1. Give me the number: length gained by fully extending Asn64 to Glu27, i.e. 0.36 nm times residue separation minus the C-alpha to C-alpha distance, one decimal in nm.
2. Would you mind counting up the charge near Arg19? Only other residues with Cβ under 14 Å from its Cβ, with Lys and Arg at +1 and Asp and Glu at -1.
3. In Å and on Cα atoms, what radius of gyration and Dmax does the range 164-316 show?
4. When N is the residue count of the chain, what does its C-alpha Rg come to as a fraction of 2.2 N^0.38 Å?
5. May I ask for the net charge around Ala97, where only other residues with Cβ less than 13 Å from the Cβ of Ala97 are counted and Lys, Arg are +1 while Asp, Glu are -1?
6. Angle check, please: helix 100-113 long axis (alpha carbons) against the longest principal axis of the chain (alpha carbons), in degrees 0 to 90, nearest 10.
7. Using only alpha carbon pairs under 8 Å that are at least six residues apart, calculate the relative contact order of the chain and give it in whole percent.
8. Could you please report the charge total around Phe256, scoring K, R as +1 and D, E as -1 over all other residues with beta-carbon less than 13 angstrom from its beta-carbon?
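Nothing in this text is a laboratory measurement; each read-out follows from the coordinates by a stated rule. Owing to the predicted nature of the structure, the values given are computational and were not obtained by experimental measurement. Counting neighbours? That spans all protein chains shown, and the Cβs are built from the backbone with ideal geometry, glycine included.
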Amino acid sequence: MSHHVVFLDRASLKAKVKRPLFEHTWEEYEQTAASEILPRLAKATIAITNKVPLRADTLSKLPNLKMIAVAATGTDVIDIEHCRKQGIAVANIRNYAVHTVPEHAFAMILALTRNMIAYREDVHNGAWGKTDQFCLFNRPIRDLFGGTIGIIGEGAIGQGTAKIARVFGMNVLFADHEPPKAPGVEFTAMDTVLRESDVITLHVPLTASTKHMISTPQFKMMKRTAILINTARGGLVDEQALIQALKEGLIAGAGFDVLTVEPPKNGHPLIDLRIPNFILTPHNAWASDGAMQFLSDQMIDNIDLWQKGTPQHLVT
């Protein structure tokens, strides 16, 4: 059987993409609008998507489609249950951002705990030159050493974050959750993690059970000196509750790489939140050159192995 492979959003992957080893035809598009999905996938047996959604109403009109290769770890853009019922294989990417995302998270953690952005603004505003001291220390500076980091999500990225935290001399707590659970990881009750952590960082997928897992009740449990980091998915945190928590001083700061709606074409309240204890980056924590090439290679490996009958990384 000759396969027809269609990559719906090639522009989302800045890496070389090798071709599958088996006989096939290849079609790729820089971007795909919702109205373009059906005509572009009409003859496809294999679809590649990063962020182009494939829901049940679309999938039901694609009888030729046999496999979806997701160019990401998260599969919230795919109707997994429909694929399971219809026998459409779905494979995602595993363990590809185990260095770049934890490094990005810690760049935010260091900037926030040491108030670097606020101090940078103070310097540019002339505050350093107006002091009688040789240094300016009008804002709190906190060490990571001896502090506690609460990690929600014990997958490869969560564990990569824990490795860096331990090097800084931090105590690591993993928040408890429903199975499956990684071997060798000790868990702590979520409420305890929220109350005891100086840093809380999210590394879980967006599902019905994780949506808004951090909202006003959780912010009220946290230390007033705590910071929240989210390099996973925007919907994990109630964004309005975050804004309120920062304005009311329920937490000391936050670093986000994700929004509920991406890209924010019509603006976003978190973009307008221009305060020095909040950092927002444009969903690029995952996007180091090495991580993207690893992702690209594994994506095609997933397709090749599925075609051979020895699939890896299947979600369905």
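1. Details: separation 37, 0.36 × 37 = 13.32 nm, distance 1.54 nm.
So the extension gain works out to 11.8 nm.
2. On the way: positive: Arg10, Lys16, Lys18; negative: Glu23, Glu27, Glu28, Asp297, Asp301, Asp304.
Residues close to Arg19 contribute a combined charge of -3.
3. My reading of the Cα-based Rg and Dmax gives 17.9, 57 Å.
4. Details: Rg = 21.8 Å, N = 316, 2.2 N^0.38 = 19.6 Å.
Relative to the rule-of-thumb radius for its length, the chain sits at 1.11.
5. Values: positive: Arg94; negative: Glu103, Asp257, Asp289.
For residues surrounding Ala97, the net value is -2.
6. The angle comes out near 20 degrees.
7. Numbers: 559 pairs, mean separation 61.0, N = 316.
Result for the chain is 19 percent.
8. On the way: positive: Arg233; negative: Asp238, Glu239, Asp257, Glu262.
Result for the local shell: -3.
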